[in-house]
């Protein structure tokens, strides 16, 4: 039976395919079919090894290329005539089911757009298909897909990133890989082609793909386009790549119909397809682009010539050119040399200072010894000093040191400091002597600067003079000397002389200096203590003040664990509180130190909460199975936040034996400890505990049993189920325990591989249950599990007794899906017993709120019904609370209609807010009024906050004009579309036909999108609207446009901006005067290619809502 | 230019960084107020604050400090009089007095002994000088990201903070948000298998405020020369300074370095590379066309960083990232993508994951300024210490240099120098204009 079903499905698909195929061709004119026929090659490039099947897939989820039918016809005939393959045409995602896909040798994505491949199996199948050794062909928009599927976009080679080379242009192409089997049909290396060419991102195609054909970016025609980027150096058109064992061929040609009867391109496609099918072998090793070859030094000369007159604030274009040139010159030594010579000449020329400054910055990282002398000359003039010292500081040559030292002798003021700085960065040891001298200068700024430079050089000969300076100074100046001193001492230590360094640190510590010097000295003393570190630590700690103690602890954190700190720990309890806390935290890094562990454990007894807290934090990291009793006892003897922290420490213990220790302790523990242990086992997700826990469920204490059930809910298995059900059969008084047991059973059954098995065990046990309360619990469990087999049992129970009826309703109300929803509704409508009715109603609205199970409109009907059958305030409150899941305008109306009744106001308001938080932009006016109402009504503070938040969401897109009328599009072959006036802005305007634009959806209603309708080429559209102001006022227009914009208000031009950009609200802001009553606004949007759209809103001059503003379609308003 | 000696000194003191940051070893710091000490804070126990740089970001930080009762703002400092006057007004209004002191020179503020901590929110090119001088003056520091204008200046900050025991918090506040922490924990605990690629999406373009870039006289009350500080001299124009400094390479690295402190930081947090550098960097950038005048930071950028651990971090503007803005971790068994708008994952049920106690729990803070103030009291490390900020912005700087040179660079994370590439090494630091200098 299964088999015949499958056959039927395939027949259906084949029929469907036939339909699509015939439909495809029927859209292509006879004339064009003839052109294709005439252009077809006679034979294939390779004889297929086997009959080949090609899937031509043309599904469109974004832009629809009108050339698709032509492409289909061409690809079908190409295969038929040459015998290379047989094409199957489809746009059905079902083709990517495994059974379908496996029939093919390759898939061709023909102008597919925005394919999302939502079904994970389709993704997996396509990937497996290619990687297993099959082929993929991409034509034109095949790179405009897979936006959320990186692997596929990598497979195809990249992703669409605009097309500055538009469909109406003719572009210069180059066959980069001339001689490759896939380019053999090109008669010569260059060619012209009229088609739309994509830019592809990410731009590292050449790492993975072998580029065959590209745009020739040395040709002016390719550079003179709108939307060109500076980085457009490499625009590949066709490429091949390996992907797993598979093969990919892509060509961005194929936008225009005529491509499909272009004899060369058709052959290029054929070779590519045969390559993908596996019949035509071809190299796929990526080849790099070599732009340096295209550089000529003359280009640099002309840029430098221009740069000679550069001044600050001028365009940076020339500088960018120079930088680009330098970058592409790369490591080409000859070219580098020539560049440097030119830079040197430039610096000696009469170029502007700004120009020279730029050249100095370029030379700074690439200049050689050769540049030093010109830079040294520039140091002599105050105009050029900074730029020259900047460059010299970065120079590699020792000649630069010499030049800087020489200048230092004569310099004064800021220049002298800059030179000291540079020598410091360069670590010029020959500068130590002159800089040491400067420490004695009378200028304190110079002294500090010399010190900083000496610290950066870090030579031992500076230690003495720096020490002399530091004891003679105070404040920030002293801090600078200290810092330099430490730099020098650290260098001594790093060179291996710890003893000497230790002595220098001792000297610093004993110098009686306050502040951070003490901290740093302490740290240095420990770092250089060598063998004696333990004694040094104790000594420093005992003698030190707070800051020094802090330094000691900070170093303990970094000390290797092998280094004992027992001496310090021995006096732990006599340390001040803050030191104990810091020390405990430092002990986290000593997990194997016994003394450290014992100190931490003992700290649990401290009277200070903070110390206990620190000890707990450390134990969580350094503790092990032996820590269990310690923490357990602590938990039992403490309360509040510290107890919680102790629990978390117990739960975090890392040792693998912790769970065993817990399990071993469980049977003999006291009641309170049992609870702690069970909780810990559960939180730690310990394995194999359900038997032990089940044993505990027959113990004497309800608290223990309850806790055990809570953990069993997540850990019990099939074998434990009988025991749990057995427990359910026994009566019990503990309500919480009972609830936990019920949840444990439901959780366990639902976790089974086949929950029906568990459900069956319950059904089998049910007949023996006679006690009515126990029976009610059984029904509750059955309902929550919601196995179809239980439904009739519950329905039968409805009729048994009033008690059983209530229990059954409770069970149905807990159902995990909406199966018993209408049954509950019926009971809610008709039952005479209030309890039964109320319970049923609750259940009904709970299940109705499962909005994902059905169409939203159906849920709307359900809730409308619910309110009509609600009998009590409690019913209505319950329904309102569930209503928050229905986030639609109807749901909102229902909620707001209960806001006036004081009994339901609170829940209705809460629900209305929840709904508005999602759908505010869908119904802005209504939402706004509602939110204003809530704020004005003095509602609960939290509701008012929420209402304000909704208004903020709303205001983001508030006041945008949505009532637009459009005229156009207009275009003209030559001339400037921005400047040229078309009918709406001329005296011919009365003849213009205006069309009302209706927003497609609420989310985008603020935005007019034109390219989806009219394409992306150079065109102009006009928009108009009427704006009502209740009084004359200054207002501002917040404009977004893609691209150029002109705006007239009441026939006066108020704004123009000839730009290329995307739509961003408020890109342009213009203040205008609105007259009282209706104002007429005309908006010209000029498209320069790519996206095309506009948005506008009118606000007050501060950018806030302008009261009384409204918009209308101009044609409606004028007929008012 | 030999700098061997210097590196040795660093190696000698670098031992502390062998401890990884933020893994299981760092539990939540519970503020003392939660643990039973009485709620209010006596004025004498408040942490006294001085704010340096009170433009847009600085004012926003100032408000956070004013809103926290543990802090007391004593002084504000800015090179623009309008800024510090506005900040003083805010502060005085909050405290109901007129006590807030104002300074035009940060050195006067640092010299005050009664100030415990400073907030630094100046343009990037000032961070290194201010932070190192504040550290040696004994101040704890809350400083804006990016950590520093260059890698050596960032290293200087890390060293100073360690040398003087400074509590340091970087303004990478995303760490104090649940979603970012949760994403990093999913990755660290292996929920998406072995991660092979991390994609970091940052904003595209230069967000230039429309102010004149024509040369103009310096306005009264604005100390332009000090604003320029260590940067090369250029003539003043209004469009150069406040806000727009970000788009000029003399002061900052554009969106890339502005945002590296956010999403790259989160990527490092998740990948446990807060103390590890990449070994190679390569990529390309798009620099603004002529019309942009003085603005020269990349409008678009894309670069790849390879790590020894066997994964690649791809940093790019959002237009060149399949998932746009945020940090996107791709593992052998799924992915996690986190950004300010929310968190997404595949398989979807990862979002429901609950970590057992003995899995890795990252440092938990829900209040970035509050975390800083807690740590000033407890002397514990904050959620974003200087060395983590250093690694985050390092990626931005490495990418910038790779784009400038247009070739693959090899990086030694221990010495913080490029391998066999003198040209790249020369670009690491930027010479300072006198009399400004920094101790490194």
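The values are calculated or read from the model by the stated rules, or taken from the named source; none is laboratory data. Predicted model only: the values in this text are computed from it and were never measured. Here the Cβ positions follow ideal geometry from the backbone for every residue, glycine too, while neighbour counts run over all protein chains shown.
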Requested in this report: Would you mind telling me which numbered condition in (1) away from chain B (no Cβ under 12 Å); (2) under 23 Å from residue A:433 (Cα atoms); (3) modelled with pLDDT under 95 residue A:379 fails?
Outcome: (3)
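Run down B:364, B:414, B:420 and say which single residue is on the phi > 0 side of the Ramachandran plot and more than 10 Å from chain A (Cβ to nearest Cβ). Working first, answer last.
Details: B:364 fails: on the phi > 0 side of the Ramachandran plot; B:414 fails: on the phi > 0 side of the Ramachandran plot.
Selected residue: B:420, the only one of B:364, B:414, B:420 that is on the phi > 0 side of the Ramachandran plot and more than 10 Å from chain A (Cβ to nearest Cβ).
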**Report entry** Unique residue being more than 13 Å from chain A (Cβ to nearest Cβ) and more than 22 Å from residue B:146 (Cα to Cα) when the list is B:336, B:264
**Finding:** B:336
Report summary line: Over segment A:549-568, the set of residues surrounded by fewer than 21 Cβ atoms within 10 Å (Cβ to Cβ), assigned to a helix (DSSP H, G or I) and in contact with a helix residue (DSSP H, G or I) (Cβ under 6 Å, 6 or more places away or on another chain) is A:557, A:558, A:566, A:567
Query raised in the report: Taking segment A:977-998 only, how many residues are modelled with pLDDT under 85 and touching a strand residue (DSSP E or B) at 6+ places or on another chain (Cβ under 9 Å)?
Result: 3
Query raised in the report: When residues of segment A:251-284 are filtered for being within 14 Å of residue A:77 (Cα to Cα) and out of contact with any strand residue (DSSP E or B) (no Cβ under 9 Å at 6 or more places or on another chain), how many remain?
Result: 6
Query raised in the report: Can you find a residue in segment A:116-123 that is free of Cβ contacts under 8 Å to residues at least 40 places away in the same chain, surrounded by 17 or more Cβ atoms within 10 Å (Cβ to Cβ), part of a loop (DSSP other than H, G, I, E, B) and on the phi > 0 side of the Ramachandran plot?
Result: yes
Report task. Examine segment A:1099-1115 for a residue that is assigned to a loop (DSSP other than H, G, I, E, B) and at positive phi, and state whether such a residue exists. Result -> yes
Query raised in the report: Can residue B:101 be described as farther than 29 Å from residue B:229 by Cα and either touching a helix residue (DSSP H, G or I) at 6+ places or on another chain (Cβ under 6 Å) or away from every other protein chain (no Cβ under 14 Å) (or both)?
Result: no
Report summary line: Considering segment B:375-385, residues that are at pLDDT 90 or above and within 14 Å of another protein chain (Cβ to nearest Cβ), and then whichever is surrounded by the most Cβ atoms within 10 Å (Cβ to Cβ), we arrive at B:382
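Can you tell which of A:513, A:463 is in contact (Cβ under 8 Å) with a residue 40 or more places away in the chain, more than 13 Å from chain B (Cβ to nearest Cβ) and closer than 24 Å to residue B:156 by Cβ? Quick ask: steps written out before the conclusion?
Numbers: A:513 fails: more than 13 Å from chain B (Cβ to nearest Cβ).
Exactly one of A:513, A:463 is in contact (Cβ under 8 Å) with a residue 40 or more places away in the chain, more than 13 Å from chain B (Cβ to nearest Cβ) and closer than 24 Å to residue B:156 by Cβ, namely A:463.
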Report task. Given the conditions (1) in a helix (DSSP H, G or I); (2) more than 30 Å from residue B:376 (Cβ to Cβ); (3) modelled with pLDDT of 95 or more, report the number of the one that residue B:239 does not fulfil. Result -> (3)
Requested in this report: Scan (1) buried (at least 19 other Cβ atoms within 10 Å of the Cβ); (2) within 13 Å of chain B (Cβ to nearest Cβ); (3) closer than 25 Å to residue A:481 by Cβ for the single condition residue A:444 breaks and write down its number.
Outcome: (1)
Query raised in the report: Cβ-Cβ below 7 Å, separation at least six or inter-chain, first residue in segment A:549-565 and at the interface with chain B (Cβ under 7 Å from one of its Cβ atoms), second buried (at least 19 other Cβ atoms within 10 Å of the Cβ) and part of a loop (DSSP other than H, G, I, E, B): which pairs?
Result: A:550/B:165; A:551/B:165; A:554/B:165
Query raised in the report: Within segment A:962-985, can one find any residue that is buried (at least 17 other Cβ atoms within 10 Å of the Cβ), within 27 Å of residue B:288 (Cβ to Cβ) and in contact with a helix residue (DSSP H, G or I) (Cβ under 9 Å, 6 or more places away or on another chain)?
Result: no
Query raised in the report: Which condition number does residue A:633 fail, the rest of (1) part of a helix (DSSP H, G or I); (2) within 14 Å of chain B (Cβ to nearest Cβ); (3) surrounded by fewer than 16 Cβ atoms within 10 Å (Cβ to Cβ) being met?
Result: (2)
Query raised in the report: Hey, residue B:287 hits all of (1) at pLDDT 95 or above; (2) surrounded by 23 or more Cβ atoms within 10 Å (Cβ to Cβ); (3) within 12 Å of chain A (Cβ to nearest Cβ) but one; which does it fall short on?
Result: (1)
Report task. Might you check whether a residue that is surrounded by fewer than 19 Cβ atoms within 10 Å (Cβ to Cβ) and over 29 Å from residue A:65 (Cα atoms) occurs anywhere in segment A:991-1011? Result -> yes
Requested in this report: Would you check which residues across segment A:307-355 are under 18 Å from residue A:383 (Cα atoms), within 12 Å of chain B (Cβ to nearest Cβ) and assigned to a helix (DSSP H, G or I) and list them?
Outcome: A:353, A:354
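Return the only residue of A:431, A:450, A:420, A:458 being under 30 Å from residue A:342 (Cα atoms) and surrounded by 18 or more Cβ atoms within 10 Å (Cβ to Cβ). Before you say what the answer is, go through the steps one by one.
Numbers: A:431 fails: under 30 Å from residue A:342 (Cα atoms); A:450 fails: under 30 Å from residue A:342 (Cα atoms); A:458 fails: under 30 Å from residue A:342 (Cα atoms).
Within the list A:431, A:450, A:420, A:458, the selection yields A:420.
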Requested in this report: Test residue B:432 against the criterion of being in contact (Cβ under 8 Å) with a residue 24 or more places away in the chain and facing chain A (nearest Cβ under 9 Å), and give yes or no.
Outcome: yes
Query raised in the report: Given (1) under 18 Å from the mean Cα position of the chain (by Cα); (2) buried (at least 20 other Cβ atoms within 10 Å of the Cβ); (3) more than 14 Å from chain A (Cβ to nearest Cβ), where does residue B:276 come up short, assuming only one miss?
Result: (2)
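Determine which member of the set A:94, A:128, A:152 is surrounded by fewer than 22 Cβ atoms within 10 Å (Cβ to Cβ) and without any contact (Cβ under 8 Å) to a residue 24 or more places away in the chain. Show your work before the answer.
Working: A:94 fails: without any contact (Cβ under 8 Å) to a residue 24 or more places away in the chain; A:152 fails: without any contact (Cβ under 8 Å) to a residue 24 or more places away in the chain.
Only one candidate qualifies: A:128.
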